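Here is the structure we will look at.
The values are calculated or read from the model by the stated rules, or taken from the named source; none is laboratory data. Values in this document were obtained by computation on a predicted structure and should not be read as measured data. So basically every Cβ, Gly included, is an ideal-geometry build from the backbone, and we count neighbours across all protein chains shown. Keep in mind that these areas ignore ligands, DNA and RNA; they rest on the heavy atoms of the full protein, side chains included. Shrake-Rupley method; radii C 1.70, N 1.55, O 1.52, S 1.80 Å.
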Amino acid sequence: MTQLSGTLSVKKSDGTVRILSQKSSVDSGDTLNTERDSYAQIKFNDGGQLTLTHLTREDFSCSNAVESDSEGVVDHLRGVEGTVVAALVRELLEVEGRRKVSLRATDKSVDVSVIARQFGGGGHRQAAGFTTDVPLDELIERLRSEISAQL
């Protein structure tokens with residue numbers, strides 16, 4: 001963590017949660033959570049195979065946004081240094097409990113269409129997606145597993 005303003009917490013793979021400070025480090029597999037009006041600049045040390053962001057229904061409501069406003073976010077994530085696969089997971093506004101997942105590969109080392117098909121979706125080698133009701137934590141673990149299997 002190189003800069004921090006507001007509250008940022010980390011959920012460890014064992015389920016424990018802790019508040020982070022500016023000098024904190026996070027491990028591969030940790031999930032970072034920010035509160036509204038928080039800001040964090042993060043340095044990834046694990047190579048960042050998966051760079052992912054999750055947009056909730058509350059995120060859309062608080063910002064008066066519509067689903068189409070999130071178009072292009074995944075392409076910005078693809079630009080994070082070290083990223084192999086970028087993923088945007090957004091909760092569908094019209095169907096509670098369902099998420100749309102957009103995947104983008106930074107190169108040809110991972111075929112994201114193969115991953116999308118595992119969830120009933122489709123696409124192309126470097127751009128694919130699917131809709132799911134798999135819980136977020138399980139979804140992230142499955143994405144990481146599918147990416148690792150191709151590397």
Using a 1.4 Å probe and counting only protein heavy atoms, arrange HIS124, HIS54 so the residue with the most accessible area comes first.
HIS124, HIS54
Please give the FRET efficiency for GLU138 paired with ASN64, using the beta carbon to beta carbon distance and R0 = 25 Å, rounded to the nearest 0.05.
0.25
Ellipsoid equivalent to the stretch 64-127 - semi-axes via the Cα gyration tensor, in Å:
21, 16, 8
State log₁₀ I(q)/I(0) for the stretch 102-151 at q = 0.22 Å⁻¹ as given by the Debye formula over alpha-carbon point scatterers of equal weight, solvent excluded.
-0.72
